[in-house]
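First the structure, in the form of structure tokens, and then the observations on it.
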Amino acid sequence: MKKNYEIRLSGSGGQGLILAGIILARAAVLDKHRVTQTQSYGPESRGGSSRTDVIISDQDIYFPEAVNFNCLLALTQEACDKYLFDLREKGILIIDTTYVKNLALAAENTYELPFTEIAIAKLGSPITTNIMSLAFLTKVTGIVKEDSLQQSIAETVKPAFVDINLKAMQIGFDLADNYGK
Amino acid sequence: MAKTSKITKPAPKAAPREPKTETKLEELQTQRERKTVLMQGNEAVAYGALDAGCNFFAGYPITPSTEIAEILSAELPKRGGVFVQMEDEIASICAITGASLAGAKSLTATSGPGFSLMQEGIGYAKITETPCVVVNVQRVGPSTGMPTSCAQGEIQQSRWGSHGDSPAIVLYPDSVKECYELTIRAINLAEKYRSCVILLLDEVLGHMREAVCLPDMANVRVISRIKPTVPPHWYKHYDENQKYLSPLASFGEGYRFHVTGLTHDQLGFPTNKASEAADMMDRLRKKITYNIRDLVQIESYDMEDAKIAIFAAGITARAAKAAVAMARHEGIKVGLLRPLTIWPFPDDAVRKMLRDVDIVVVPELNQGQLVREIQRLVKDRSDSKLIKIQRVNGKLISPVDILRKLKEAI
Amino acid sequence: MANIPQKVIHDFLRHDKKFPHVWCAGCSNGIILGSIIRALAGMDIKRDDIVMVSGIGCSSRMPVYVDFNTLHTTHGRAIAYATGIKLHKPHLKVIVITGDGDCTAIGGNHLIHAARRNIDLTVILVNNNIYGMTGGQCSPTTPHEAFATTAPYGNIEPDFNVCNLALGAGASYVARTTAYHTPETQNMVKEAIEHPGFALIEIVAACPVIYGRLNKKGGAPDMMKEMRDNSVPLSAVEKLPPEKVEGKIIRGVLRKEIHPEFTAQYADLVKRAQALGGGK
């Protein structure tokens, strides 16, 4: 990768997307890439729309906001509707079918999984949906090394939550490996 | 394509005497691992402050600057410094000014509504020539506006916000690394010029994370105020000698000076005499004008052969840089001039730019604050060569927005 | 009370171009400043360690005349500036001189929060019931129905009980006296400076030229007599029938308690933070 690889993680406040963006960005730093991570959120801590942009590059990154995404993760219908049109051609779309029921247009590379339902079923809580879907994204895009993602999770989340998040990460990797099989 | 980006800080012609008290904070160096890390703009401000020797922070919570206070509340006590959360922003600017008079290197951080409340205190720090730094992470205004969205609405307020004529030193970073560097520079300039220095951040920059590698402390240049060496009865709190960079005593050091927000004489006592009042005002003004080369810092990017120049600051300058790259790719000769010091305004560099190029594009996240200064310097040139891009809706100006306007102008 | 000769007061003043002072004839500010100087002269504190901070108003002009570290700040903010000084150099004795308008109107917020923090400041509030410097406007302590240039029909607002305000906010030392009672003032100032915590002394003062004239109080001597006759020491209050206390200025130390002091608390916090590990 030489040029900017633009990723937008979108959903609603409380889904942990900004944390996921930080983890992804930190993993990119571990891989010795240039990276910027920006965010947009409402004043509330829970609810409201939330998005974070991670741009990974091997050149200087000038404008830090994603404009034409190489990859879009949408965890809510609202986010999907809002950002889908800015996905670039052949860009990767990853949606959580727990909440995203309709696609306004068909993207070429679409991955659909009920991440939230899987998180509840396998880990008893939707709280790790962010990490699970991020791990899935990492595997599908190959944008950062899996080890780097693991290290970044360990460095970023609170010590008490490292184990459950690493479990979620592994589930995400497995979901990617088995996707469509 | 040759990328020429240089940050120019011309050597002062008549070099003011450098303050001798330069501190290296070795003990801090050992405390932080120096490697490339992911860091937020606000975080970089906090660590810049610590590395510059800031040992006093007073503030009041306000989005989007709060991380600075949060980090310093954890880090300052470890270094024996003071963190105090005051009852409002007015109290915060007052407390840092008081602490500075007692010898502290002090800083506060806020955003628009708090910055407005601080204006009186900023004026007081300026007239009393007390070093301190105010970080203003700009959000959308007026009033409460959009607390989590980006704007560049305080470019003029940071110059003229406090009543009366007063000097202004205002710095404007465009990256996380520069947040760190310019915070150190802000504290250094506050100490050197004995004034309230303002650091303007854009909301996006304050919250943005980037990979940065901070320098070793050994490479961080820290300037501290010059202390008086004369016996107390010879001490003048506002000595007119030394290029207007005069020594500063602290409370409790035996100098027993008087400080007032009233117009004062060289000793600091109130005066109504026209000549003394004029002297004081002159001193405040000349402190800046005599040292303009030391104060002004600009980045000139791809300007050598440019026929079109973009003049932008902060996050908008990053969009502009991307636009320059895109335009150059299409063979359009565009460059960017970016002020790191926004006040005093880089008049000379802008005049040169106006001579060299045919079109100037000024994108900014407000209704025309930077462009006023360009217009002031345009004089006989026709206004049509000045392309304005202005936006206040919480969204950034993107590289494509600039490129489109730029092509329309050709 | 130590008997302090006149020369000592002279010795504490700045002479060169600071006099004549700005106060009107008959004003209580000079008397109060005299009491403060006598109190300090009788204490073992280096002048270099005394910082006198004031806001804006007639009484806030005091610092310019005295040979300490002195800071004349903006309107209402003296306590906030003083907080910064005290926190950075806790060994300094920081005395705040303020007025009723300065401290309870525009600076009310700083007063209550400094009292709540119990930071070791000595606040001397000179209450002359009016904005004197700006020519006699109504202040938060202008009595109900009294006249001011902005209350030409009489003040319809109730007035602040400044000491109760400080007590409610948690001040650990609160006292009230009048400018007439100079030995009492001197003792209270000494006690307040020695007190390890936030101390507030309300000194009821006479403004004969402005408040006095607007409210037909007679001249300065009449107003001094009124302070004498219309005030009751706290110790006597319980012994007197309620009707004799009604409307009187109650003088005395209303609270003197030892509470955890802010700069001491902060020093403890620093120790705890440093024990937990070095900087990041």
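Looking only at residues that are small (G, A, S) and closer than 16 Å to B:N291 by Cβ in region B:160-196, which one is farthest from the chain's Cα centre (by Cα)? Lay out the reasoning, then the answer.
Here is the first cut: in region B:160-196, the residues small (G, A, S) are B:161-162, B:164, B:166, B:168, B:175, B:186, B:190, B:195.
With closer than 16 Å to B:N291 by Cβ added as a condition, the list becomes B:166, B:168, B:186, B:190, B:195.
Details: B:S166: 15, B:A168: 9, B:A186: 6, B:A190: 10, B:S195: 11 Å.
Per the stated criteria, the residue is B:S166.
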Scan of region B:297-338 for residues that are acidic (D, E) and without any contact (Cβ under 8 Å) to a residue 60 or more places away in the chain, ordered by number
B:D305, B:E330
Test result for B:I62, facing chain C (nearest Cβ under 8 Å) and either within 16 Å of C:T73 (Cα to Cα) or outside any helix (DSSP H, G or I) (or both):
no
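Does at least one position in region C:244-253 carry a residue that is part of a helix (DSSP H, G or I) and modelled with pLDDT under 95? Quick ask: steps written out before the conclusion?
First, pick out the residues of region C:244-253 that are part of a helix (DSSP H, G or I): C:244-245.
Among the residues that remain, those that are also modelled with pLDDT under 95 are: C:244-245.
Yes, that holds for at least one residue.
Specify which of the listed residues (A:A106, A:A74) is loosely packed, with under 15 Cβ neighbours inside 10 Å, of a type in the set (G, A, S) and more than 10 Å from chain B (Cβ to nearest Cβ). Show your work before the answer.
Details: A:A74 fails: loosely packed, with under 15 Cβ neighbours inside 10 Å.
Checking each option against the conditions leaves just A:A106.
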Using the structure shown, decide if C:T104 is more than 15 Å from the chain's Cα centre (by Cα), modelled with pLDDT of 95 or more and either within 12 Å of another protein chain (Cβ to nearest Cβ) or buried (at least 24 other Cβ atoms within 10 Å of the Cβ) (or both).
no
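Being part of a strand (DSSP E or B), of a type in the set (S, T, Y) and either modelled with pLDDT under 95 or under 18 Å from B:R185 (Cα atoms) (or both) is the filter here; which residues of region B:284-320 pass it? Let's see the steps before the verdict.
Pass one, region B:284-320, residues part of a strand (DSSP E or B): B:298-301, B:308-311.
Filter once more, keeping what is of a type in the set (S, T, Y): B:300-301.
Once the filter is applied, which keeps residues that are part of a strand (DSSP E or B), of a type in the set (S, T, Y) and either modelled with pLDDT under 95 or under 18 Å from B:R185 (Cα atoms) (or both), region B:284-320 yields nothing.
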Tell me which residues, restricted to region A:124-168, are surrounded by fewer than 21 Cβ atoms within 10 Å (Cβ to Cβ), aliphatic (A, V, I, L, M) and in contact with a helix residue (DSSP H, G or I) (Cβ under 8 Å, 6 or more places away or on another chain).
A:I127, A:V140, A:A154, A:V157, A:V162, A:I164, A:L166
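Is it the case that some residue within region B:232-249 is over 27 Å from the mean Cα position of the chain (by Cα), in contact (Cβ under 8 Å) with a residue 24 or more places away in the chain, assigned to a helix (DSSP H, G or I) and closer than 23 Å to C:P63 by Cβ?
Residues of region B:232-249 that are over 27 Å from the mean Cα position of the chain (by Cα), as a first pass: B:232-236.
The next check asks that each one be in contact (Cβ under 8 Å) with a residue 24 or more places away in the chain; those that pass are B:232, B:236.
Now restrict to residues that are assigned to a helix (DSSP H, G or I): B:232.
From the residues that got through so far, the ones that are closer than 23 Å to C:P63 by Cβ too are B:232.
Scanning region B:232-249, I find at least one residue that is over 27 Å from the mean Cα position of the chain (by Cα), in contact (Cβ under 8 Å) with a residue 24 or more places away in the chain, assigned to a helix (DSSP H, G or I) and closer than 23 Å to C:P63 by Cβ, so the answer is yes.
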Here the residues within region B:141-176 that are within 14 Å of chain A (Cβ to nearest Cβ) and among the small types (G, A, S) are B:G145, B:S149, B:A151, B:S175
Is there any pair with a first residue in region C:122-134 that is on the phi > 0 side of the Ramachandran plot and a second that is aromatic (F, W, Y) whose Cβ atoms are under 6 Å apart and which are 6 or more apart or on different chains, and what are they?
C:N129/C:Y211
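Assigned to a loop (DSSP other than H, G, I, E, B), touching a residue at least 40 places away in the same chain (Cβ under 8 Å), surrounded by 24 or more Cβ atoms within 10 Å (Cβ to Cβ) and in contact with a Leu (Cβ under 8 Å, 6 or more places away or on another chain): which single residue out of C:A171, C:A166, C:A175 fits that description?
Values: C:A166 fails: assigned to a loop (DSSP other than H, G, I, E, B); C:A175 fails: assigned to a loop (DSSP other than H, G, I, E, B).
Of the residues listed, the single one that is assigned to a loop (DSSP other than H, G, I, E, B), touching a residue at least 40 places away in the same chain (Cβ under 8 Å), surrounded by 24 or more Cβ atoms within 10 Å (Cβ to Cβ) and in contact with a Leu (Cβ under 8 Å, 6 or more places away or on another chain) is C:A171.
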So B:E70, is it more than 11 Å from every other protein chain (Cβ to nearest Cβ), of a type in the set (D, E) and more than 21 Å from the chain's Cα centre (by Cα)
yes
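The values are calculated or read from the model by the stated rules, or taken from the named source; none is laboratory data. Here the structure is a predicted model, which is why all the values come from computation and not from measurement. A quick note on method: Cβ atoms are made from the backbone with ideal geometry, for glycine too, and the neighbour counts reach across all protein chains shown.
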